[in-house]
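The block underneath contains the structure these notes are about, expressed in structure tokens.
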Amino acid sequence: MKSEVQIQVEYVSGLIHFIRGEKVILDYDLATLYRVEVKRLKQAVRRNIKRFPIDFLFELTPAEQKILRTQFVTSSWGGSRYQIFAFTEQGVAMLSGILNSERAIHVNIAL
């Protein structure tokens, strides 16, 4: 059965960052993929925080966020008032389960 969501490998590889020795995808990129607001994604995670041990999810420090911003000089990304969540591969899989939507299921399969 073919997934209803087509995600280009090149696009996804551009979303992967290497932080603290881990390959991660940031909350705002996942929110875009899942077509939810970052606020809603973070609320779902906080309601289910026991499902996200440190090897699934961590918050970026202000210094890490500053370094990340300098990598996107021409980006429209304006930063966040809140610390950014970084999801490992296991965290992305867990996230699709707690978002509980058809889109989340298809995105997770595509990833």
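Only the coordinates and a few stated rules stand behind these numbers; no lab work does. All values reported here derive from a predicted model rather than from experimental measurement. Please note: Cβ atoms are built from the backbone with ideal geometry, for glycine as well, and neighbour counts cover all protein chains shown.
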Exercise. How many nm separate the modelled label positions at ILE98 and THR70, each set 7 Å beyond the Cα in the direction of the Cβ?
Worked result: 3.2
Problem set entry | Interchain or long-range residues, amide H under 5 Å from ILE19's placed H | VAL24
For this session: Tabulate in residue order the Karplus-calculated ³J(HN,Hα) for segment 98-105, using 6.51 cos²θ - 1.76 cosθ + 1.60 with θ = phi - 60°, rounded to whole Hz; enter x for Gly and Pro.
Result: 7, 6, 6, 9, 4, 4, 4, 4
Seminar exercise, completed: For LEU57, other-chain or 5+-apart residues with amide H closer than 5 Å (H placed, Pro excluded) are THR88
Exercise. Whole-Hz Karplus ³J(HN,Hα) for segment 34-40, in order, using 6.51 cos²θ - 1.76 cosθ + 1.60 and θ = phi - 60°, x for Gly and Pro?
Worked result: 7, 6, 10, 6, 4, 4, 5
Exercise. Sorted by mean Cβ packing within 10 Å, highest first, what order do the peptides 82-89, 16-23, 37-44 take?
Worked result: 82-89, 37-44, 16-23
